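Participant: This structure is in structure tokens; I'll ask about it shortly.
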């Protein structure tokens, strides 16, 4: 469905009822990243999967920055009539969750940080973002999907779950050139959130696939050590897109977290 907000049109899909849980996808995904979670929402939870600015059915944002996108999230909550929500994000969605906490902490009831990291891009990483921008303009989204797919899934998924690989490949190829270009700006310029971790005072679940090579387990362990009372869960045989690669395990962790921390 499409939702009209003060910041433009937002594409989203909902399932379940109760505690609002916003699900923010990674790069260069769309809300279909969360299809398996929407198909089996935890008891007592209202899952809301968003298309981030420029992706899927959402309008582009005026400014390609995560701080601006955080304000876009607040406007989306306003349009949904939600005062506070659990903010869940994978990879880029996790970076955005940190920005929402910094700018709109009063709207955050809890955090789910999946296959993400707190640090900013290195100078080398920033250069790679710029090179990828040039590549997508010249060669299109298919080239980005082809380049990213090997790191997007774990070795076990590549060997044993070809449908998951195909699903993610098709999703990334659907992204527009403009969405990819703008998101790369937002990723490249994002601030380091390491100092933010100690300020997080809401229930937090950290999830990581043990075969994630883009944001390895050590990144999740560092966040776990810095966020007060955070819970860390590692999914065996999953890579960077753990919610797609091992949806049953991911769903069980999300459900257990909600039942334990928001009874």
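Participant: Determine, for each peptide in 81-90, 110-119, the mean count of other beta carbons within 10 angstrom over its residues, then list the peptides with the highest first. Don't skip to the answer; put the middle values down first.
Facilitator: Values: 81-90: 20.8, 110-119: 25.1.
Going by the mean number of other Cβ atoms within 10 Å, highest first, we get 110-119, 81-90.
Participant: Express the Stokes-Einstein translational diffusion coefficient of the chain in µm² s⁻¹, to the nearest whole number, given a Kirkwood radius over alpha-carbon pairs, 4 °C and a viscosity of 1.567 mPa s. Don't skip to the end; give the middle numbers.
Facilitator: Numbers: Rh = 18.0 Å.
Rounded to a whole number, D works out at 72 µm²/s.
Participant: Please work out how much length the chain gains when fully extended from residue 192 to residue 143, using 0.36 nm per residue of separation minus the C-alpha to C-alpha distance, in nm with one decimal.
Facilitator: 14.8 nm
Participant: Extending each Cα 7 Å along its Cβ direction at residue 174 and residue 105, get the distance between those two points in nm, one decimal.
Facilitator: With each label point 7 Å from Cα toward Cβ, the separation is 3.7 nm.
Participant: Can you give the calculated 222 nm mean residue ellipticity of the chain, where each DSSP H run of n ≥ 4 adds -39,500 (n - 2.57) and the sum is split over every residue, rounded to the nearest 500 deg cm²/dmol? It would help to have the intermediate numbers written out before the result.
Facilitator: Working: 11 runs with 121 residues, N = 263.
Mean residue ellipticity at 222 nm (helix-derived): -14000 deg cm²/dmol.
Participant: According to a simple spin-label model (label point 7 Å from Cα along Cα-to-Cβ), what is the distance in nm between residue 84 and residue 120?
Facilitator: My value for the distance between the label points is 3.1 nm.
Participant: Relative contact order for segment 24-169 using alpha-carbon pairs under 8 Å, separation at least 6, rounded to a whole percent? Present the calculation step by step, with values, prior to reporting the outcome.
Facilitator: Details: 157 pairs, mean separation 27.4, N = 146.
Once divided by the residue count of segment 24-169, the mean separation gives 19 percent.
Participant: How do the peptides 201-209, 3-11, 63-71 rank, highest first, by the average count of neighbouring beta carbon atoms within 10 Å per residue?
Facilitator: Descending mean neighbour count gives 201-209, 63-71, 3-11.
Participant: Which three lengths, in whole Å and largest first, does segment 1-152 cover when its Cα atoms are put on their principal axes?
Facilitator: 44, 31, 27
Participant: Something else about it: Find the relative contact order for segment 1-78 and round it to a whole percent, using C-alpha pairs within less than 8 Å whose residues are 6+ positions apart. If you can, show how the numbers build up before the last one.
Facilitator: Numbers: 140 pairs, mean separation 28.1, N = 78.
Over segment 1-78, the number comes to 36 percent.
Participant: How long is the gain from residue 210 to residue 17 if the chain were fully straight, where each residue apart is worth 0.36 nm and the alpha carbon distance is subtracted?
Facilitator: Working: separation 193, 0.36 × 193 = 69.48 nm, distance 3.13 nm.
Length gained between residue 210 and residue 17: 66.4 nm.
Participant: Using the Cα atoms of segment 148-263 to build a convex hull, what is its mean projected area in square nanometres?
Facilitator: Over every viewing direction, the Cα hull of segment 148-263 projects on average to 8.2 nm².
Participant: Only Cα pairs under 8 Å and at least 6 apart count here; give the relative contact order of the chain as a rounded whole percent.
Facilitator: 21
Values in this text are rule-based calculations from the coordinates and carry no lab data. Source: prediction; values computed, not measured. Neighbour counts run over all protein chains shown; Cβ positions are idealised from the backbone, glycine included.
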